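*Asks:* Below is the structure I would like to discuss, written out as structure tokens.
Any read-out appearing in this document is the output of simple, stated calculations on the displayed coordinates, not a laboratory observation. Just so it is clear, the model here is predicted, and its values are computed rather than measured. Virtual Cβ from ideal backbone geometry, glycine too; neighbours counted across all protein chains shown.
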Amino acid sequence: MNNRLEKDDYIQNISYDSVIFGFNGTQLKILILEYHNTGLFALPGGFVKINEDLDEAVKDGVSKRTGLENIYLEQYHTFGSLSRSDSTAMRRIIEESDLDVKDCEWMFGRFISVGYYALINYEEVSPKPDALSDSINWYPIDSLPKLMMDHEEMVAKALQVLRANFENKLIGMNLLPAKFTMKQLQQVHEAILGEKLRRTTFQRKMLSKDILVRHEKLFQGKAHKAPYLYSFK
């Protein structure tokens, strides 16, 4: 981000916020920013330039925060409550970032935010804070810091949509290696759904969907216990 955020460069009163889910095989986490010297935590987000598509703005923003290019992104909800904007918090963020408050007054009004969620393997990520932030870190989904404005609502809604659409979207997500075990596939489901699943029932259900290709066994210990590897068709 440049040191100056020129009003004429951006579409007015429209922003985006991204819930970046990360998974490492066992645990689901979310990427959270902490703004300079404010104690304010927020989802990564940004504004949309006059000459760029909304989807491209979000892809660019998420890529800069994660260092990844090929990311599964989905627009899931638009947040437009009259009470969602907080001019006091935004002013503090701008002041602590040594930006000209007068140049940034356009940011203190009401904004409608378009919510996106992303799904990635967080072990592949090198998180990078934006110019307004001290840090950006992974937090487990069940122990997030208090988030500013309506960002907790954004996380809850993203998780709701993700769970509702998860099985239909899984093939396109970047949560598993190209070849994976049935146990790894089950762990993804359990982390996102927030519940334990019966192994035999889960395996039978997955195989009945006709979406998997079975490959060689993964030999790591005793040969008779080696699990098969799978990939998506």
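*Asks:* About the Cα centre, and with charges only on the beta carbon of Lys, Arg (+1) and Asp, Glu (-1), how big is the dipole of the chain? Nearest 20 debye, please.
*Replies:* Numbers: 30 positive and 32 negative charges, 394 e Å.
Using Cβ point charges on Lys, Arg, Asp and Glu, the chain gives about 1900 debye.
*Asks:* Report, in deg cm²/dmol and to the nearest 500, the calculated mean residue ellipticity at 222 nm for the chain, where each DSSP H run with n ≥ 4 adds -39500 (n - 2.57) and the sum is divided by the residue count.
*Replies:* Values: 5 runs with 64 residues, N = 233.
Computed ellipticity for the chain at 222 nm equals -8500 deg cm²/dmol.
*Asks:* Treating the beta-carbon of each Lys and Arg as +1 and of each Asp and Glu as -1, no other charges, what is the dipole magnitude of the range 180-232 about its Cα centre, to the nearest 20 debye? Mind showing how you got there, number by number?
*Replies:* Working: 11 positive and 4 negative charges, 53 e Å.
Using only the charged Cβ atoms, the result is roughly 260 debye.
*Asks:* Another question, if that's okay. Using Cβ contacts closer than 10 Å as the measure, can you line up TYR16, TYR230 from fewest to most? Working shown, then result.
*Replies:* Details: TYR16 24, TYR230 20.
Going from least to most buried by this count: TYR230, TYR16.
*Asks:* Further, regarding this structure: Toward the positive end of the charge dipole of the range 7-172, about the Cα centre and with charges on Cβ (Lys, Arg +1; Asp, Glu -1), which of TYR35, PHE79, GLY61 goes farthest?
*Replies:* Looking along the dipole axis, the top candidate is PHE79.
*Asks:* Apply the a/c threshold of 1.5 to the C-alpha gyration tensor of the range 1-114 and tell me whether it is rounded, prolate or oblate.
*Replies:* Working: a/c = 1.65, a/b = 1.41, b/c = 1.17.
Prolate is the answer for the range 1-114, as a/c is 1.5 or above and a/b outweighs b/c.
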